[in-house]
Each structure stands twice: as structure tokens, then as C-alpha cells.
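Comments concern the structure below.
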Amino acid sequence: MNSKTLIIVGIIALGAAWYYFNNKKIEELKIRLAEYQANPPSSRTDPKWLSIVQTLLGIGLNVYEQFKPGGLFAGKLSEDEVTILYDKAKQLNNYV
């Protein structure tokens, strides 16, 4: 095999591995989100809300839309509370 072929095969293998592990992580986050949705925190000050926002960010969902009517957690928190949690989650996870 020449070096061009090895480079192409290496790039394809890395891309496939990245795709697999990324999808695996997203599936784990979706399972965690379903658990949160089935049993949401009872208190508005529960630290579990931060985990929920981090999970939403990890999946790539719009956090604010999930707390508006029609969202997964509609009406559970005010927009100000969501903003505070969103900012904390971004700082903890270094999201830009």
C-alpha cells in the first residue's frame, strides 16, 4: 500500500470512530434526559436543574425552547431562572 491509501484509510477510520462515539454520547444524554423528564425536580432550587440544562446543551437542543410551552419542561422554571442555569452550565462545560 502506498502512503496516500494509508492516509485516506486512516482519515476514514478516525471519522467513523468519531461518529460512533459522538452518537453513543448523544444516546446516553437522551436516556438521561428521558429520566429527568419522567421525574423532574420538585423544587425550583434543586441542583438537578443544572444537570438538566447541561444535558440539553450536550445534546444540542435549544435550552430556552424546552422551558416554553410545547417544550419538555414547559412552565417548570421562569426565563430568568433558565438564563442563570444556562450561564452556569456554559461556564462549567466551557461552551461558547
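No value in this document is a laboratory result; all are computed from the given coordinates. Just so it is clear, the model here is predicted, and its values are computed rather than measured. Counting neighbours? That spans all protein chains shown, and the Cβs are built from the backbone with ideal geometry, glycine included.
I need the full set of residues from region 69-82 which are surrounded by fewer than 14 Cβ atoms within 10 Å (Cβ to Cβ) and farther than 15 Å from SER42 by Cα, in order please. Quick ask: steps written out before the conclusion?
The initial filter retains those residues of region 69-82 that are surrounded by fewer than 14 Cβ atoms within 10 Å (Cβ to Cβ), namely 69-70, 74-75, 78-80.
Across region 69-82, the qualifying residues are PRO69, GLY70, GLU79, ASP80.
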* **Condition met for SER43 (among the small types (Gly, Ala, Ser) and closer than 24 Å to LEU56 by Cα)** => yes
* Does TYR19 qualify as being surrounded by 11 or more Cβ atoms within 10 Å (Cβ to Cβ) and in a helix (DSSP H, G or I)? -> no
* Asked: Within region 31-42, how many residues turn out to be surrounded by 13 or more Cβ atoms within 10 Å (Cβ to Cβ) and under 14 Å from the mean Cα position of the chain (by Cα)?
  -> 3
* To do: Check region 13-31 and report whether any residue there is touching a helix residue (DSSP H, G or I) at 6+ places or on another chain (Cβ under 9 Å), hydrophobic (A, V, I, L, M, F, W, C) and free of Cβ contacts under 8 Å to residues at least 40 places away in the same chain.
  => yes
